[in-house]
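One structure, as structure tokens, below. Some questions next.
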Amino acid sequence: MSRHLRVAAVDLGATSGRVMAGRVGPDSLSLDELHRFPNGGVRAHGSLHWDVLGIHREVLAGVREVARSGPLDGIGIDSWAIDYGLLDRDGRLLGNPYSHRDSRTDGVAERVLGTVDAAEMYATTGLQQLPFTTVYQLVASLGTAALESAETMLLLPDLLSYWLTGHGGAERTNASTTGLYDVRSGEWATDLARQCGLPWSILPPLRDAGDVVGPLLPEVAEHLGVGADVPVVGVGSHDTASAVVGVPAGEESFAYISSGTWSLVGLELEKPVLTEEARLADFTNEGGVDGTVRFLKNVMGLWVLSESLRTWGDRRIAGADLTTLLRAAADAPPLRTVVDVNHPSLLPPGDQPARIQRLAEDAGEPVPRTPQAITRTILDSLALAYRRHLRTAATLAGRDVSVVHVVGGGSQNALLCQLTADATGLPVLAGPAEAAALGNVLVQARTLGADLPDMAAMRSLVRRTHEVRRFEPRTGTSTDWDAAERRLGSPT
């Protein structure tokens, strides 16, 4: 297909969402952000929920903007993983979906692992133990009216696609994050669901990235001002799966860090690593586009910094804006304080600066007192976590790594990228920041007829059309990082 394709890429994050117009041709790939909106958890009756109807409204508004400004050939939706909505037998939503940061899963994983063997679970799902995984959220809902009335469970991007098309299902890259998916067979792990006491019949049919979900419902097409034949394409609906498609890697042996609210640190493999060593290291095997495996570790990410900025903003602390803090942090003493950035105390919303100080005090580290010092502590600690987990991933997978690609919003944080190069001792190629949206667009374009037969072709197009910034490790810093790692010991 020689003509240009123009699609809407809906890319949803936990703190913001955006709708991009993506344009793809034989030697062109571009994005135009036409709609952005804030997102976040909403507290009601002591629980933390997503305003999913509000998100749906914003998705419609954004896609309508794309349609108004030019032709529309397709629509694709990616978002964060794990969270879901429950539908009754009439296809109606049974309440607002919970946020994975809600406290209802506290202690649930330990309860489940009291009856389900952890090694057996890992051999099936290949997932690291995260307390908020879908399986634990569902177990926390046992006995509730919503779960007892549920006919179907839809992960958030699939729920939004359902409201556009009337077709339910679960795209595999996101399904693989639930703890209810057999990473070897590529099917639902119904026996595991039964062991957990869950109604496995609510698990919807599976589909692959690149499958067409369906055409728009007539009323949706009319609202958007487009023809009802415009398809919704099931892209890599887990945003990290889409982001990995958008990594501008060549033939080199690469690692990636998808850096945003969460940091996903890992390798792209052809098959999962399900060894006991991988389980004990708490590494995860998630599905990627075209049957690949994302062998990675979840790291708390820039959530810690963004929540700190929110706290300082609420307190009206002068000079606590991101640009000023990063400039000051770059001049701060390196590696003065490091903490376990994956500590469970940093997961929920709240006063992250106080939590960082508490972690430092408990670890016997110098306690950072100023926003500048806390910012440097967060970034040093993130880079140290990246170093540790990239080395572990390479060892577990038996891979050599020659370069680290950092994509997502964190690729624009020059200080963090330089610290990552220093910590890992490897060159860092930073960008593109919108890798998830690019991956979304590329998978849509291939489905719609573009000459992009495989991931190599898609990544080649990203390389030819998007610049990256290179960070070389600075000499003479490796012993400092070695010492910092010894100080930190064995973090989460």
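Out of all the residues in the range 322-344, which are open to solvent by 70 Å² or more (accessible area, probe 1.4 Å) and within 25 Å of the chain's Cα centre (by Cα)?
Of everything in the range 322-344, those that are open to solvent by 70 Å² or more (accessible area, probe 1.4 Å) and within 25 Å of the chain's Cα centre (by Cα) turn out to be Leu322, Thr323, Pro344.
Same structure, new question: Say we look at the range 205-229 and pick out the residues that are in a loop (DSSP other than H, G, I, E, B) and under 27 Å from the mean Cα position of the chain (by Cα); which of these is nearest to Ile75 (Cα to Cα)?
Leu216
Scan the range 311-330 residue by residue and report those that are at pLDDT 95 or above and either in a loop (DSSP other than H, G, I, E, B) or of a type in the set (Lys, Arg) (or both).
Arg327 - this is the single residue of the range 311-330 that is at pLDDT 95 or above and either in a loop (DSSP other than H, G, I, E, B) or of a type in the set (Lys, Arg) (or both).
Consider only pairs whose beta carbons are under 8 Å apart and that are at least six residues apart or on different chains; among these, list those whose first residue lies in the range 48-77 and is within 29 Å of Gly350 (Cβ to Cβ) and touching a residue at least 12 places away in the same chain (Cβ under 8 Å) and whose second residue is open to solvent by less than 30 Å² (accessible area, probe 1.4 Å) and among the acidic types (Asp, Glu).
From the range 48-77, the pairs are Leu48/Asp102; His49/Asp102; Trp50/Asp83.
I would also like to ask the following. Would you be able to tell me the number of residues in the range 83-95 that are open to solvent by 20 Å² or more (accessible area, probe 1.4 Å), at pLDDT 95 or above and either closer than 22 Å to Phe132 by Cα or among the β-branched types (Val, Ile, Thr) (or both)?
Total satisfying the criteria: 2.
Show me the helices (runs of 4 or more DSSP H) found entirely inside the range 374-492 where at least 1 residues are farther than 12 Å from Pro248 by Cβ, open to solvent by 50 Å² or more (accessible area, probe 1.4 Å) and not aromatic (Phe, Trp, Tyr).
Qualifying helices (runs of 4 or more DSSP H): 435-447, 478-488.
Can you pull out the residues in the range 28-64 that are more than 15 Å from Asp83 (Cα to Cα) and in a loop (DSSP other than H, G, I, E, B)?
Across the range 28-64, the qualifying residues are His45, Gly46.
Sort out which residues of the range 212-251 are surrounded by fewer than 21 Cβ atoms within 10 Å (Cβ to Cβ) and either aromatic (Phe, Trp, Tyr) or free of Cβ contacts under 8 Å to residues at least 60 places away in the same chain (or both), and write them in order of number.
Within the range 212-251, Gly214, Pro215, Leu217, Pro218, Glu219, Ala221, Glu222, Gly227, Ala228, Asp229, Glu251 meet the criteria.
Being of a type in the set (Gly, Ala, Ser) and in a helix (DSSP H, G or I) is the filter here, so list the residues in the range 160-183 that pass it.
Residues satisfying the conditions are Ser161, Ala175.
For the range 48-56, does any single residue satisfy the condition of being modelled with pLDDT under 95 and under 20 Å from Ser237 (Cα atoms)?
No, the range 48-56 contains no residue that is modelled with pLDDT under 95 and under 20 Å from Ser237 (Cα atoms).
A follow-up question, please. State all residues of the range 148-158 that are in contact (Cβ under 8 Å) with a residue 24 or more places away in the chain and open to solvent by 10 Å² or more (accessible area, probe 1.4 Å); if no residue qualifies, say none.
Across the range 148-158, the qualifying residues are Ser149, Ala150, Glu151, Thr152.
Is one or more of the residues making up the range 120-132 more than 26 Å from Ala435 (Cβ to Cβ) and of a type in the set (Phe, Trp, Tyr)?
Yes, the range 120-132 has at least one match.
On the basis of being open to solvent by 20 Å² or more (accessible area, probe 1.4 Å) and touching a residue at least 12 places away in the same chain (Cβ under 8 Å), does Pro205 make the cut?
Judged against the criteria, Pro205 is a match.
Of the residues Ser47, Ser69, which is of a type in the set (Gly, Ala, Ser), surrounded by fewer than 19 Cβ atoms within 10 Å (Cβ to Cβ) and under 24 Å from Pro97 (Cβ atoms)?
None of the others qualify; the one that does is Ser47.
Confirm whether Pro272 is in a loop (DSSP other than H, G, I, E, B) and in contact with a Lys or Arg (Cβ under 6 Å, 6 or more places away or on another chain).
no
Further question on the same structure: Sort out which residues of the range 280-303 are crowded, with 24+ Cβ neighbours inside 10 Å, among the small types (Gly, Ala, Ser) and farther than 15 Å from Thr173 by Cβ, and write them in order of number.
The answer is Gly301, and nothing else.
The values are calculated or read from the model by the stated rules, or taken from the named source; none is laboratory data. Computed from a predicted model, the values in this text were never measured in an experiment. Cβ atoms come from the backbone with ideal geometry, glycine included; neighbour counts cover every protein chain shown. All accessible areas refer to the heavy atoms of the entire protein, side chains included, with ligands and DNA or RNA removed. Shrake-Rupley method; radii C 1.70, N 1.55, O 1.52, S 1.80 Å.
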